[in-house]
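Data block below; observations after.
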Amino acid sequence: MRGIMPFAIVVAFALVAGFVIGRGTNSAPPSANASVVSSREDTTPPSARQAPPARHAAAMIATTPMPTLLADSMEASARQRAIAVEMAAKQRDEPIDAAWATATEKALSDLAAEVAVAAGDVEVLDYEAECRSATCRIGARFAEDGEAQDWSNFLLTSSGPQFANAELFIERNPDGSSRVLIFGSRR
Amino acid sequence: MSRLPPLCIAIMSILWADSAQAVDVSRYDQQSAVGLCQAQLPAHRDSLRARPLGLTNDGTTPIFVNCGWQGDDAAGSTRGATRISVNVSNGGTTPIVVNCTLISGFQSGFVTQATYTPKAIGVTAGSGGFIEWVPAEVAGAPATIKLPSVSCQLPPKATLQYTGKVYSENVGS
């Protein structure tokens, strides 16, 4: 019994020390530990470290909860309009690949007419499509918002041969009509 | 000395339990299209047959079918999808092309913005195939697809059989 006593004291001490040390090093969640390490190593000013704001809906949802995105409808509309303007400007700066642009505009025009029938013979107003070398911009107006939703969904579902991905904007006009704006990226 | 092994185990257990971190486990949810998808227009519904193993277009013109998954848009959540898939088949006697698109977006009142990732697959008579999407294919390259929907154009005799979603779930330590 006497031989065991010193060993038991050492073990008890090790138990307590191990518990205290373990608590000290692991009490913070992994993400908090990671941020501490990162702030020690990264000397870039916070403003320069910030990622640019997301422009595509899927990326916006991935980083911002939906209630936050739609908390203020006026702000959401303004943000959406600003993103659309930015995408339009970027598309205007692209060089033109005439062969691809002409063929794709024709294919989209045929598809637009086809899906208008599929959506219940909806009337597509002010249709326009302009393709350059990497992106096509498609615009159209509809008397009813539901027509805009159906037509644009049918068009984009069937646009796999033309587009790798696309961004859709629908905005309600003061007269009740709806404006569709699509930016499709070349496949 | 015979008490040494249990004591060592006790010490190691305490240290191990305390240092263990939260773990993300990969999950795969598979669901028949009948429980997840529906026709977009009333006219399309007339042609759609909703059977336990799939939704079939029994009409003579193409119809559009939409499917929506559960999502999680909480900040910092790891449950967003890392792969979305649909299985389609051709019950007709001629080859068909099935067009589908992944949609991730939001809509409220007068605001609609959505990201589309369209794809197409050719399916020979009597066979089937998968269309799959991963985050890298989506415009804006999100880390995961948090609120996925899919829209498919089903030609006559095409069936949307089932859907799949791969995601991570935090199961604690």
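The values are calculated or read from the model by the stated rules, or taken from the named source; none is laboratory data. Treat the numbers as computed from the prediction; the structure is a model and nothing was measured. Cβ atoms come from the backbone with ideal geometry, glycine included; neighbour counts cover every protein chain shown. What goes into the accessible areas is simple: the full protein's heavy atoms, side chains included, and nothing from ligands, DNA or RNA. Shrake-Rupley method; radii C 1.70, N 1.55, O 1.52, S 1.80 Å.
Of all residues in the stretch A:166-184, those being in contact (Cβ under 8 Å) with a residue 60 or more places away in the chain and open to solvent by 20 Å² or more (accessible area, probe 1.4 Å) number 2. Taken over the stretch B:131-173, the criterion of being under 26 Å from A:H56 (Cα atoms) and open to solvent by 60 Å² or more (accessible area, probe 1.4 Å) is satisfied by B:E132, B:A136, B:E137, B:A141, B:A143. Once the stretch B:105-130 is narrowed to residues that are hydroxyl-bearing (S, T, Y) and at pLDDT below 95, the residue that is least open to solvent (accessible area, probe 1.4 Å) is B:T112. When A:V122, A:V85, A:V115 are screened for being over 18 Å from the mean Cα position of the chain (by Cα) and part of a helix (DSSP H, G or I), only A:V115 passes.
Checking A:E105, A:E123, A:E128, A:E94 one by one, the residue that is touching a Gly at 6+ places or on another chain (Cβ under 6 Å) and open to solvent by 20 Å² or more (accessible area, probe 1.4 Å) is A:E128 and no other.
Considering the conditions (1) within 13 Å of chain B (Cβ to nearest Cβ); (2) surrounded by 11 or more Cβ atoms within 10 Å (Cβ to Cβ), A:P52 is excluded by exactly one of them, (2). Residues in the stretch B:70-104 that are among the β-branched types (V, I, T) and within 17 Å of B:T163 (Cα to Cα) were compared, and the one that is most open to solvent (accessible area, probe 1.4 Å) is B:T82.
Among the residues of the stretch A:132-165, those that are open to solvent by less than 20 Å² (accessible area, probe 1.4 Å) and in contact (Cβ under 8 Å) with a residue 40 or more places away in the chain comprise A:C136, A:I138, A:G139, A:A140, A:L155, A:S158, A:S159. If only one of B:S26, B:S85 is hydroxyl-bearing (S, T, Y) and closer than 23 Å to A:P161 by Cα, which one is it? So the residue among B:S26, B:S85 that is hydroxyl-bearing (S, T, Y) and closer than 23 Å to A:P161 by Cα is B:S85.
Let's see how each residue does on (1) modelled with pLDDT under 95; (2) away from every other protein chain (no Cβ under 12 Å); (3) within 16 Å of B:V86 (Cβ to Cβ):
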{"site": "B:V23", "(1), (2), (3)": "yes, no, no"}
{"site": "B:S26", "(1), (2), (3)": "yes, yes, no"}
{"site": "B:A33", "(1), (2), (3)": "no, yes, yes"}
{"site": "B:L36", "(1), (2), (3)": "no, yes, yes"}
{"site": "B:Q40", "(1), (2), (3)": "no, no, yes"}
{"site": "B:L48", "(1), (2), (3)": "no, yes, yes"}
{"site": "B:P52", "(1), (2), (3)": "no, yes, no"}
{"site": "B:N57", "(1), (2), (3)": "no, yes, yes"}
